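Read the figures in this text as sums done on the coordinates, not as results from a lab. Computed from a predicted model, the values in this text were never measured in an experiment. Neighbour counts run over all protein chains shown; Cβ positions are idealised from the backbone, glycine included.
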Amino acid sequence: MELTKFSKKRFYDSFYYWNVDDEFAHPVQNYLLYGFEPGSCFTAILDNDFLNAMLHSHPANSVTAFTNLARWIVNCAPLEAYGSYDKVQAWLHMDEADRRAVLERHQLIYSEKEEIWMALQDTPVGA
């Protein structure tokens, strides 16, 4: 899915607001935007299986990092994308247009129309 700098910023800002570490944000972002498998630790988190998430976690990961990600998921992530193994598998197999529609509905990214409008407003004079 191609996003403008406006949607990318909106998405990144949601992670920043909840103090989600980049090492945690990137796999989740790639999962939500592109349908990429997030790895065993993050799949367990999205499956709502924190025991396995901790077992598959890198030793340097902190409880604070997990807590911040959990807060982001509960407050920002689409319900369609987390909470059970079946939801995660469905998200991984969802096509790009359907993923985009869900992310727009949850205001993680702007609609294509909003992106075009913002890009036109952002165009420097004389360009």
Fill in the blank from the handout: Residue pairs qualifying under the 6 Å Cβ cut-off, at least six apart or on distinct chains, with the first in region 20-32 being within 18 Å of VAL63 (Cβ to Cβ) and the second being among the aliphatic types (A, V, I, L, M), are VAL20/LEU69; ASP21/ALA65; PHE24/ALA65; PHE24/LEU69
Practice task
For region 77-97, indicate whether the set of residues that are assigned to a helix (DSSP H, G or I), in contact (Cβ under 8 Å) with a residue 12 or more places away in the chain, within 20 Å of PHE6 (Cα to Cα) and not hydroxyl-bearing (Ser, Thr, Tyr) is non-empty.
Solution key: yes
Practice task
Of all residues in region 102-124, count the ones that are in a helix (DSSP H, G or I), touching a Ser or Thr at 6+ places or on another chain (Cβ under 9 Å) and among the aliphatic types (A, V, I, L, M).
Solution key: 4
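Which residue out of GLU80, GLU37 is in contact with a Phe, Trp or Tyr (Cβ under 9 Å, 6 or more places away or on another chain) and surrounded by fewer than 13 Cβ atoms within 10 Å (Cβ to Cβ)?
GLU37
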Handout entry: Which listed residue is hydroxyl-bearing (Ser, Thr, Tyr) and closer than 17 Å to HIS26 by Cα, from TYR110, TYR82
Key = TYR82
Problem - Any hit, region 15-29, residues being closer than 21 Å to VAL102 by Cα, in a helix (DSSP H, G or I), polar (S, T, N, Q) and out of contact with any Asp or Glu (no Cβ under 9 Å at 6 or more places or on another chain) - result: yes
